[in-house]
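Peer 1: Got a structure for you, questions after.
Throughout, read-outs are computed from the coordinates displayed, never taken from laboratory work. From a predicted model like this one, the values you see are computed outputs, not experimental measurements. When we count neighbours, we look across all protein chains shown, and the Cβ atoms used for this are built from the backbone with ideal geometry, even at glycine.
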Amino acid sequence: MPTAKGPLYKVAFRRRRENRTDYRKRLGQIRSDAPRLVVRASNKGIRAQFVRFEQAGDMTQAQAGSWELEPLGWMPQANAPTAYLVGLMAGTRAKKAGLKSFHIDIGLSTASKGRILFAAGMGARDAGLQTELGDELIDAKRVKGEHIAAYAKELKSSNPSKFGQHFARYAAKNIDVTALPALFDKTKARIASG
């Protein structure tokens, strides 16, 4: 941040100084009058919320988090399949709440091709909501977890000790990582059925 020099220096809003809000993007999203799908990812999980602007403050209309996938048999991680399933779950709830379309809000994150944030948007789109997201933002094979399963198969044959360390959380839950795409399809069907 620049230092204050002279009487013409203008202090930025607090949330902009904290790198939490881009007010120019936010204003554009508010003017569109469609709800936003706010997607945030951490090192351990993903959260998706459908938020609508209200005069008193933003109102959350539907939400889902990666921790909600564990009872369905899915191992919640911060990866593309988990993001898709969280988006699908949030989109299903939003559709039940009466929403028809959305705009994706990734905050101050960089919008680059292949980001897991767009996988959550694809999940919400596949739940039946309309959006401007296209299929070219993230590969469908990565969404199903085929890249994780292929890496696990390769690592299991070449370096079993590293495989045991790298996929220890899956092993602790008795999940076969090499069959991740099949587990993805099963979990997706459970979410879609309600």
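Peer 1: How high is the relative contact order of the chain? Use alpha-carbon pairs under 8 Å, at least six apart in sequence, and give a whole percent.
Peer 2: Over the chain, the number comes to 19 percent.
Peer 1: Suppose each label sits 7 Å from its Cα in the direction of the beta carbon; what would the S157-A4 distance come out to in nanometres?
Peer 2: With each label placed 7 Å out from Cα toward Cβ, I get 6.5 nm.
Peer 1: Considering the convex hull of the alpha carbon atoms of the range 19-193, report its projected area averaged over all viewing directions, in nm², one decimal.
Peer 2: So the mean shadow area of the Cα hull is 10.8 nm².
Peer 1: Beyond 22 Å between alpha-carbons counts as too far, so tell me which of K44/K162; K113/K153; K113/K141 fall in that bin.
Peer 2: K113/K153
Peer 1: Give a quick list of trypsin sites (Lys or Arg not before Pro) in the range 1-33 that DSSP marks as loop, anything other than H, G, I, E or B, with at most 10 other Cβ atoms within 10 Å.
Peer 2: Here the sparse-neighbourhood loop sites are K5, K10.
Peer 1: 222 nm [θ] for the chain, helices only, -39500 (n - 2.57) per DSSP H run of 4+, per residue, to 500?
Peer 2: The per-residue figure over the chain is -12500 deg cm²/dmol.
Peer 1: How many nm separate the modelled label positions at K44 and N19, each set 7 Å beyond the Cα in the direction of the Cβ?
Peer 2: 2.2 nm
Peer 1: In addition: Multiply the residue separation of D185 and K96 by 0.36 nm, subtract the distance between their alpha-carbon atoms, and state the gained length in nm to one decimal.
Peer 2: 29.8 nm
Peer 1: Below 8 Å, C-alpha to C-alpha, sequence gap of six or more: please give me the relative contact order for the range 97-194 in percent.
Peer 2: Relative contact order comes out at 25 percent.
Peer 1: Also: Can you work out D for the range 1-117 in µm² s⁻¹ from Stokes-Einstein, where Rh is the Kirkwood radius over C-alpha pairs, the temperature is 37 °C and the viscosity is 0.692 mPa s?
Peer 2: Result for D is 206 µm²/s.
Peer 1: State which stretch of the chain is the longest one without any exposed chymotrypsin sites (Phe, Trp or Tyr not before Pro), exposure meaning a DSSP loop state and at most 11 other Cβ atoms within 10 Å.
Peer 2: 14-194
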